[in-house]
Amino acid sequence: MLSLTVEGLVIPLDQHGYLADLNLWSEKLALEFARLEQVNMSAEHWEVVLFVRDFYQEFRTSPAIRVLVKAIAAKLGPDKGNSKYLFMLFPEGPAKQATRIAGLPKPARCL
Amino acid sequence: MKKIAVILSHSPFDGAISREAHDMIMALAAVEHQVTVIYQDAAVLQLLPIRRSAALGCKDYTPAQKLFELYEVAAVVADACALQLYQILPEQCLITVTVMSDQAIQALLAQQQHILRF
Amino acid sequence: MAVFALYVQSSTYACPTLASVLRFAKAALLQQHQLDHIFFYQDAVQAIVASIDLPADEPDVATDLIAFCQQHDIPLLYCVTAAEKRGLATLAVPARTGFIAAGLAEFAMRLDAVDQVVQF
């Protein structure tokens, strides 16, 4: 089983390298995932990461890119709810990277 | 863009049918089809949250239906007889539904270009 | 003439689902209709498993369907997420040759060019 060690604690991951137990998430863990994703967390990154966490709390599903763009546009406005802005923050894929940093399951790749 | 109706008729506990149907609805709406969702028979139970889902060994996937609005699903319809049979009031439902008679649903279906049934 | 899509979601093991799909596909082409694609979702994704091992006296309709679709250039698609969740196609054990991994998004987009969807 994959795992991540943060401050001496061994945190289990799923087979895709995402957090295995959603309850174990912390901001420190988010920073560790961000380091693995080579994302330098700024206030803008945190805004998106916390947004996808809220999204998951409400809808119980990890957002794929299309709905992530729509949801952010609805809540934070079109300047942030567009794929160009999100890809600038998360070049390897906003849905894929932001959900991992947020400690959520990997989004379905068929949507 | 097509007018597509998705008819749901299974209980939320009947395997992956309903859950994968919700994914299909969102996929269709995401590419701008005009989607009408119709809850019939035991499927009206999907409109209530699954309580104690952990004890049942399944995930409560019902909150994802609240995304239909964000995906701009054109209409969400619940069959009046089914709601009555399962004693569910529209205001108890997770999402806003338009209650329709069988006859009205029939007319609605006649307007669709594609129909998928889950 | 119409453009058809065949959407398959019911179980395919030891039941007439695949035979019905194949019969419909043949009849449609015979009457000069077009088949845009065949899409497998829900429990029908069990048809894509490469390691299916049938005794010689049980009909292997999937093989016939694959041959038919290759001959007529009809994409035989399946939902990759539905297959992965059921453990039916993985990186280590891919789907049977002839079945193409796709997503719901692709199915949804293809419907734009389709006149009739027939569900099995």
The residue from C:THR97, C:THR63 that alone is closer than 30 Å to A:GLN15 by Cβ and out of contact with any Cys (no Cβ under 9 Å at 6 or more places or on another chain) is C:THR97
Checked the range B:2-28 for anything out of contact with any helix residue (DSSP H, G or I) (no Cβ under 7 Å at 6 or more places or on another chain) and either more than 20 Å from C:SER10 (Cα to Cα) or charged (D, E, K, R) (or both); matches are B:LYS3, B:ASP14, B:ARG19
Inside the range C:78-95, can you point out the residues that are within 11 Å of chain A (Cβ to nearest Cβ) and either in contact with a Leu (Cβ under 8 Å, 6 or more places away or on another chain) or in contact (Cβ under 8 Å) with a residue 12 or more places away in the chain (or both)? C:TYR78, C:CYS79, C:VAL80, C:THR81, C:ALA82, C:ALA83
Could you tell me which numbered condition C:THR63 fails, if it satisfies all but one of (1) away from every other protein chain (no Cβ under 12 Å); (2) surrounded by fewer than 19 Cβ atoms within 10 Å (Cβ to Cβ); (3) under 23 Å from B:GLU20 (Cβ atoms)? (3)
Number of the exception - C:VAL118 against (1) assigned to a loop (DSSP other than H, G, I, E, B); (2) away from chain A (no Cβ under 14 Å): (1)
Can you pull out every residue in the range A:13-35 that is out of contact with any strand residue (DSSP E or B) (no Cβ under 7 Å at 6 or more places or on another chain), under 29 Å from B:HIS22 (Cβ atoms) and surrounded by 13 or more Cβ atoms within 10 Å (Cβ to Cβ)? A:ASP14, A:GLY17, A:TYR18, A:LEU22, A:ALA30, A:PHE33
What tally of residues in the range A:84-111 results from selecting those that are small (Gly, Ala, Ser), more than 14 Å from chain C (Cβ to nearest Cβ) and part of a helix (DSSP H, G or I)? 1
Has the range A:69-88 got at least one residue that is on the phi > 0 side of the Ramachandran plot and touching a Pro at 6+ places or on another chain (Cβ under 8 Å)? no
Got at least one residue in the range B:60-73 being free of Cβ contacts under 8 Å to residues at least 40 places away in the same chain and either farther than 26 Å from A:ASP54 by Cα or of a type in the set (A, V, I, L, M) (or both)? yes
Residues of the range A:36-66 satisfying the condition of being free of Cβ contacts under 8 Å to residues at least 12 places away in the same chain, within 11 Å of chain B (Cβ to nearest Cβ) and more than 26 Å from A:LEU2 (Cβ to Cβ): A:GLU58, A:PHE59
Quick one: which helices (runs of 4 or more DSSP H) lie wholly within the range A:21-83 and hold at least 1 residues that are farther than 17 Å from A:ALA95 by Cβ? A:27-36, A:43-59
Name every residue in the range C:32-75 that is within 29 Å of C:ALA2 (Cβ to Cβ) and hydroxyl-bearing (Ser, Thr, Tyr), in order of residue number. C:TYR41, C:THR63
Is it true that A:GLN38 is at pLDDT 95 or above and loosely packed, with under 12 Cβ neighbours inside 10 Å? yes
Can you say whether A:ALA95 is over 22 Å from C:THR81 (Cβ atoms) and out of contact with any Lys or Arg (no Cβ under 8 Å at 6 or more places or on another chain), as far as the supplied structure shows? no
In the range B:55-73, what residues are of a type in the set (A, V, I, L, M, F, W, C) and more than 7 Å from chain A (Cβ to nearest Cβ)? B:ALA55, B:LEU56, B:CYS58, B:PHE68, B:VAL73
Pairs, first small (Gly, Ala, Ser) in the range B:97-109, second in a helix (DSSP H, G or I) and surrounded by 13 or more Cβ atoms within 10 Å (Cβ to Cβ), C-beta under 6 Å, six or more apart: B:SER101/B:ALA80
Among the residues of the range C:1-35, the number that are within 14 Å of another protein chain (Cβ to nearest Cβ), crowded, with 19+ Cβ neighbours inside 10 Å and not hydrophobic (A, V, I, L, M, F, W, C) is 2
Lone unmet requirement of (1) within 17 Å of C:PRO16 (Cα to Cα); (2) without any contact (Cβ under 8 Å) to a residue 60 or more places away in the chain; (3) surrounded by 13 or more Cβ atoms within 10 Å (Cβ to Cβ) for C:ASP57: (3)
Restricting to the range A:1-20, name every residue that is of a type outside the set (Ser, Thr, Tyr), part of a loop (DSSP other than H, G, I, E, B) and touching a residue at least 24 places away in the same chain (Cβ under 8 Å). A:ASP14, A:HIS16, A:GLY17
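The values are calculated or read from the model by the stated rules, or taken from the named source; none is laboratory data. Predicted model, so just to flag it, every value in this text is computed and none were measured. Note that each Cβ is placed from the backbone with ideal geometry, even for glycine, and that neighbours are counted across all protein chains shown.
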